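Remarks on the structure that follows.
The values are calculated or read from the model by the stated rules, or taken from the named source; none is laboratory data. The model shown is predicted, which means the values in this text are computed figures rather than measured ones. For neighbour counting, all protein chains shown are included, and Cβ atoms are generated from backbone atoms with ideal geometry for every residue, glycine included. These accessible areas exclude ligands, DNA and RNA; they are computed on the full protein's heavy atoms, side chains included. Shrake-Rupley method; radii C 1.70, N 1.55, O 1.52, S 1.80 Å.
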Amino acid sequence: MRTQVGIVGAGPAGLLLSHLLHLEGIDSVVLEDRSRAYVESRVRAGVLEQGTVELLTDTGLGDRLHRESLVHRGLELRFDGEGHRIDLSALTGGRTITIYGQQEVVKDLIAARERDGGTVLFEVSDVAVDGLTSDRPTIAYTHDGRAHTLECDVVAGCDGFHGICRAAIPAGERTEYDRTYPFGWLGILARVGPSSDELVYTNHERGFSLLSVRSPEVCRMYLQCAPDEDIGAWSDERIWEELHTRTATRNGGFTLREGPIFEKGVAALRSFVCEPMQYGRLFLAGDAAHIVPATGAKGLNLAVADVRRLAEGLAQLFSGQGSDLLEHYSETCLRRVWRVQHFSWWMTSMLHRFGDDPYQHRLQIAELQYVTSSTAAATTLAENYVGLPL
Ligand SMILES: Cc1cc2nc3c(=O)[nH]c(=O)nc-3n(C[C@H](O)[C@H](O)[C@H](O)COP(=O)(O)OP(=O)(O)OC[C@H]3O[C@@H](n4cnc5c(N)ncnc54)[C@H](O)[C@@H]3O)c2cc1C
């Protein structure tokens, strides 16, 4: 089989790239090792930056998104038992964030690829890339029990943090920056309406918590926990009790609404960047190249920013207008990647409990007081949170 762009991974990065390339008249094949049902139900991110929503809308993916999503104009930082609203829209000239689950974005993308006659192969195995420094790189894979080779002009490594593409760059040709945090997030989905109109980020002496939402009937909530926390030790009762404790306000004015929990899990928090994001004819995008702790709600948005750049570069290449955009792909992406790395690290550092160090806790409170009282500081948070221009 032959295609112009061979894409490894049908997460948001790989599927959106395939969709953007189709709109430019460029042929691609997406290879995914999981089943379609699995990728369509994988619960992960849920906050879309305005630029992400605009891109999805402009490329014909906005119908269900605009019908079913929730638009937020602010968020709350809660500490010392008091809530402080950050007016994201007022601080950014009217920009907003949109709540729409990553799995919904993935479903819309798969439906669009299907409608447009795109090729997305699920449940492939033994995926291996080769010939990356030649003009004709290949991707070997097994599908329906048969071995195949896909010949391409370019390979896009959109296979997430645990994929095979990043490792195909020789170790001497890449530098990896890695930071793990001494905590993780215990996340739940509960069938209940939101307790607050906007997201609530809490710094509490027992640890961070986040009240988020997925739809008017479903909420997503998180608790800071140990990175290797045993989810089996957390009954629904214990989770609610801890959420009540961490989100309580001093004046008692806040009521956390409870509902049946239908999903729970623990995720570790990590910061990671691989430089460069390209090697020969291989281009990495999304989590394959970088990871951010979810506190800044940036992982999915950063993947979208990468593939937008990559699609532009590939459109230039295949229309015979040169390759300078592709040559500078890594450099261009990494500027945004490191800005987002800093923001996500900063939000994480300000809101989580790092052991029992009272000095650090006082610093966090000083910073939170500043962010919630200075327009300049609040604007820094707001413009990063809604997303810097693509
Ligand atoms: C548990 C969890 C919770 C998260 N929560 C949030 C959040 O609340 N907010 C936020 O902003 N971000 C969150 N993120 C991050 C966000 O989901 C990612 O940044 C986003 O999924 C990146 O998209 P991607 O397409 O680059 O990678 P992925 O979504 O990881 O997609 C990669 C795809 O490649 C496939 N693949 C892997 N290896 C192979 C192979 N060898 N061959 C073929 N296919 C392969 C995978 O199955 C997957 O479908 C979370 C991530 C995780 C893991």
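For region 273-310, name all the residues that are open to solvent by 10 Å² or more (accessible area, probe 1.4 Å), part of a loop (DSSP other than H, G, I, E, B) and near the ligand (Cβ under 10 Å from one of its atoms).
Val292, Ala297
What's the number of the condition Ser344 fails, among (1) of a type in the set (Ser, Thr, Tyr); (2) open to solvent by less than 10 Å² (accessible area, probe 1.4 Å); (3) without any contact (Cβ under 8 Å) to a residue 24 or more places away in the chain?
(3)
Mind listing just one residue for me: the one in region 108-127 that is surrounded by fewer than 17 Cβ atoms within 10 Å (Cβ to Cβ) and in a helix (DSSP H, G or I) and, of those, farthest from the ligand (Cβ to nearest atom)? Before you say what the answer is, go through the steps one by one.
Here is the first cut: in region 108-127, the ones surrounded by fewer than 17 Cβ atoms within 10 Å (Cβ to Cβ) are 111, 114-117, 119, 123, 125-126.
With in a helix (DSSP H, G or I) added as a condition, the list becomes 111, 114-115.
Working: Ala111: 16, Glu114: 16, Arg115: 20 Å.
Applying the filter and picking the extreme gives Arg115.
Out of region 37-62, which residues are farther than 22 Å from Leu310 by Cβ and in contact with an Asp or Glu (Cβ under 8 Å, 6 or more places away or on another chain)? Spell out how you get there, then give the answer.
Residues of region 37-62 farther than 22 Å from Leu310 by Cβ: 37-38, 40-43, 46-47.
Hit for region 37-62 is Val43, nothing else.
For region 185-197, does any single residue satisfy the condition of being within 15 Å of the ligand (Cβ to nearest atom), basic (Lys, Arg) and either at pLDDT 95 or above or open to solvent by 30 Å² or more (accessible area, probe 1.4 Å) (or both)?
no
So is Arg95 part of a strand (DSSP E or B) and open to solvent by 50 Å² or more (accessible area, probe 1.4 Å) or not?
On the way: part of a strand (DSSP E or B): no; open to solvent by 50 Å² or more (accessible area, probe 1.4 Å): yes.
Considered against the rule, which asks whether it is part of a strand (DSSP E or B) and open to solvent by 50 Å² or more (accessible area, probe 1.4 Å), Arg95 comes out as no.
Yes or no: region 236-252 includes at least one residue that is of a type in the set (D, E, K, R), away from the ligand (no atom under 16 Å from the Cβ), more than 30 Å from Val5 (Cβ to Cβ) and part of a loop (DSSP other than H, G, I, E, B). Please lay out each step first, then the result.
Narrowing region 236-252 to residues of a type in the set (D, E, K, R): 236-238, 241-242, 246, 250.
After this cut, where a residue has to be away from the ligand (no atom under 16 Å from the Cβ) as well, the list is 236-238, 241-242, 246, 250.
In the following step, the residues that additionally are more than 30 Å from Val5 (Cβ to Cβ) were identified as 236-238, 241-242, 246, 250.
Filter again for part of a loop (DSSP other than H, G, I, E, B), leaving 250.
Checked region 236-252: at least one residue is of a type in the set (D, E, K, R), away from the ligand (no atom under 16 Å from the Cβ), more than 30 Å from Val5 (Cβ to Cβ) and part of a loop (DSSP other than H, G, I, E, B).
Among the listed residues Arg270, Arg214, which satisfies the condition of being modelled with pLDDT of 95 or more, within 30 Å of Gly163 (Cβ to Cβ), out of contact with any Cys (no Cβ under 6 Å at 6 or more places or on another chain) and within 13 Å of the ligand (Cβ to nearest atom)?
The conditions single out Arg270.
For the structure I just gave you, tell me whether Gly46 is more than 30 Å from Arg362 (Cα to Cα), without any contact (Cβ under 8 Å) to a residue 40 or more places away in the chain and not hydroxyl-bearing (Ser, Thr, Tyr). Spell out how you get there, then give the answer.
On the way: more than 30 Å from Arg362 (Cα to Cα): yes; without any contact (Cβ under 8 Å) to a residue 40 or more places away in the chain: no; not hydroxyl-bearing (Ser, Thr, Tyr): yes.
Against the criterion (more than 30 Å from Arg362 (Cα to Cα), without any contact (Cβ under 8 Å) to a residue 40 or more places away in the chain and not hydroxyl-bearing (Ser, Thr, Tyr)), Gly46 does not qualify.
Going residue by residue through region 219-231, is there one that turns out to be part of a loop (DSSP other than H, G, I, E, B), under 30 Å from Phe318 (Cα atoms) and in contact (Cβ under 8 Å) with a residue 40 or more places away in the chain?
Start the filter on region 219-231 by keeping residues that are part of a loop (DSSP other than H, G, I, E, B), which leaves 226-230.
Now drop any that are not under 30 Å from Phe318 (Cα atoms), which leaves none.
Taking every residue of region 219-231 in turn, none turns out to be part of a loop (DSSP other than H, G, I, E, B), under 30 Å from Phe318 (Cα atoms) and in contact (Cβ under 8 Å) with a residue 40 or more places away in the chain.
Please determine, by comparing only the residues of region 1-39 that are more than 6 Å from the ligand (Cβ to nearest atom) and surrounded by fewer than 16 Cβ atoms within 10 Å (Cβ to Cβ), which one is modelled with the lowest pLDDT.
Met1
Among the residues of region 220-238, is any open to solvent by 50 Å² or more (accessible area, probe 1.4 Å), basic (Lys, Arg) and in contact with a strand residue (DSSP E or B) (Cβ under 7 Å, 6 or more places away or on another chain)?
no
For the structure I just gave you, tell me whether Glu76 is within 13 Å of the ligand (Cβ to nearest atom) and either open to solvent by 40 Å² or more (accessible area, probe 1.4 Å) or modelled with pLDDT of 95 or more (or both). Give the derivation first.
Numbers: within 13 Å of the ligand (Cβ to nearest atom): no; either open to solvent by 40 Å² or more (accessible area, probe 1.4 Å) or modelled with pLDDT of 95 or more (or both): yes.
Spelling it out, it is not the case that Glu76 is within 13 Å of the ligand (Cβ to nearest atom) and either open to solvent by 40 Å² or more (accessible area, probe 1.4 Å) or modelled with pLDDT of 95 or more (or both).
Is there any pair linking a residue in region 158-171 that is closer than 18 Å to Val120 by Cα and near the ligand (Cβ under 6 Å from one of its atoms) to one that is in a helix (DSSP H, G or I) and open to solvent by 30 Å² or more (accessible area, probe 1.4 Å), with Cβ under 7 Å and at least six apart or on different chains, and which?
Gly160/Asp287
Any chance region 44-53 includes a residue that's in contact with a helix residue (DSSP H, G or I) (Cβ under 7 Å, 6 or more places away or on another chain), surrounded by fewer than 16 Cβ atoms within 10 Å (Cβ to Cβ), modelled with pLDDT under 95 and hydrophobic (A, V, I, L, M, F, W, C)?
The answer is no; no qualifying residue exists.
Filter region 274-294 down to the residues that are under 14 Å from the mean Cα position of the chain (by Cα) and among the hydrophobic types (A, V, I, L, M, F, W, C), then identify the one that is nearest to Gly101 (Cα to Cα). It would help to see each step written out before you state the result.
Narrowing region 274-294 to residues under 14 Å from the mean Cα position of the chain (by Cα): 285-294.
Among the residues that remain, those that are also among the hydrophobic types (A, V, I, L, M, F, W, C) are: 285, 288-289, 291-292, 294.
Numbers: Ala285: 20, Ala288: 20, Ala289: 22, Ile291: 18, Val292: 18, Ala294: 14 Å.
Among residues in region 274-294 that are under 14 Å from the mean Cα position of the chain (by Cα) and among the hydrophobic types (A, V, I, L, M, F, W, C), the one nearest to Gly101 (Cα to Cα) is Ala294.
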